[in-house]
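Colleague: Structure in structure tokens, see below.
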Amino acid sequence: MKQTMTRLLCLLLAGIMLFSLAACGKKKNTDPNLTELDDYTILYKGACIMTDYTGVDAVVLTLDFTNNGKENASYLWTVFETATQNGTELEKTIVYTDPETLDAVNDSQWDEVEPGSTLEIRTAFALADAANEVEVSFGTLFGSKTGKVTIDPSTLSRETAGSGAAQPAGSDTEQPTESNISLPAAGTNDMRLNWWNGDWYGWWLMENCSGYYADMGMEGGRWDICGTIDIGEDYMGTFTLWDEDFTKAEPMVSAAISLSEDGTTEYGTIMSEGGYFTDIPLEHADWIIDPGLVDFVDTMIISGDYENGADAFTYYIVLRRWGTYWEIDMDEVDFPAHYYDWCVPLIDEGKAMPDSIGADAPAGSTGSDTPTSNPSGNTSGNAPGGNGIVTQEQVEKGYVWMSEVAKDIYNTTYEEMVDYFG
């Protein structure tokens, strides 16, 4: 009996030791500032408030990015980050450390980090206010782990551009900048900047419409569009787009973009970093544009999703460099509506792209009067005999019509309006 009790006691002690060893081998992370992703770790080191490129207050985080994987990795192309304040997602933004050279706080996000190495990076979000807490989440595209940190902007110091406040005091360690990246020389010798920068022309299409856009019959609607890309030597810049209802001065799209050497061609890839598409924000990586994925020369295709409550659609934008003759490799069905009557006459005369579609049309061309894909059902592009002048009597008649006759106004057709108004 005594021998049996001794054996049971030994087994019990052995079990306790095994559980103790297992617990030691799997130490749980208790640091709230440390995020452990699948192959990477992110250490939140602090934050400050700075002014972004639009003059808005931005929270700027300083992080240590550690690569625990087997291949080189950059923070920009590895980590997906989002920030929310007051239940609303904040927009990523650009904070320049030197407005003249366009150096920005987040430049080091491009740098590749070798396996086992750590790089200090910074990231910025435009604040809705400087009082309420901001929650920043981190993850990877295919990873299973995520993490987050919570920041109280009211406790942060305000720093000015170029102050380097996020760098530890007294540190003489060289901070990685864009100049550390092996890139072609800037200027006219830079193949990537030469390819992207300049004016572009094409068309954009709406599909999968719902809500207001479905009610208005805009499914399959197509419009001409112009764009201008301006990327600096730091490979950060802007992408401005306007269709037939907008102008360059008052655009449909104003996007902050970055240019990477990654991609299927030597021209690299453009990625959105902020800005807006009509009335909704553009976020980091909403657009990833690789011209090598298109079968036509000097062509890019942009795709994305618009969603504002119940109103939504998918959009596709096809752009070719201004001055390109589309006949060289594309079927006529894929030409913009104003290609022959507006674009071709201008490029035949060697003229620059105007700031609005249809402007500066050469004599003999019809400019913007040519019909386009108009979802309203008015295939002429204009109301018959319309001059844009409305009388008081017509306004009153319209009010009566909307309040008493056409109570389901969003499903009213163009023909029904013509029958009533003339």
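The values are calculated or read from the model by the stated rules, or taken from the named source; none is laboratory data. In this text, all values refer to a predicted model and were calculated from it rather than measured experimentally. Neighbour counts are summed over all protein chains in view; Cβ atoms, including those assigned to glycine, are modelled from backbone coordinates with ideal geometry. The protein model used for the area step is the full one, side chains on, heavy atoms only, and it has no ligands, DNA or RNA in it. Shrake-Rupley method; radii C 1.70, N 1.55, O 1.52, S 1.80 Å.
Colleague: What distance in nm separates the two pseudo spin-label positions at SER117 and VAL56, each 7 Å out from Cα along the beta-carbon direction?
Modeller: Placing both labels 7 Å along Cα→Cβ, they lie 3.4 nm apart.
Colleague: Carbon-plus-sulfur fraction of the accessible area of the range 95-138, 1.4 Å probe, in percent?
Modeller: 41
Colleague: Moving on to the next point. Excluding same-chain residues fewer than 8 positions from LYS92, which aspartates and glutamates have a Cα within less than 17 Å of its Cα?
Modeller: LYS92 reaches ASP52, ASP57, GLU81, ASP103, ASP107, ASP129, GLU133, GLU135, GLU273, ASP279, GLU283, ASP286.
Colleague: Something else about it: Which order do HIS284, HIS338 take when ranked by solvent-accessible area (1.4 Å probe, heavy atoms of all protein chains), largest first? Intermediate values should be presented prior to the final figure.
Modeller: Numbers: HIS284 30, HIS338 0 Å².
My answer, sorted largest first, is HIS284, HIS338.
Colleague: Oh, and also: Rg (Å, one decimal) plus Dmax (Å, integer) for the alpha carbons of the range 77-124?
Modeller: Final numbers for Rg and Dmax: 13.3, 37 Å.
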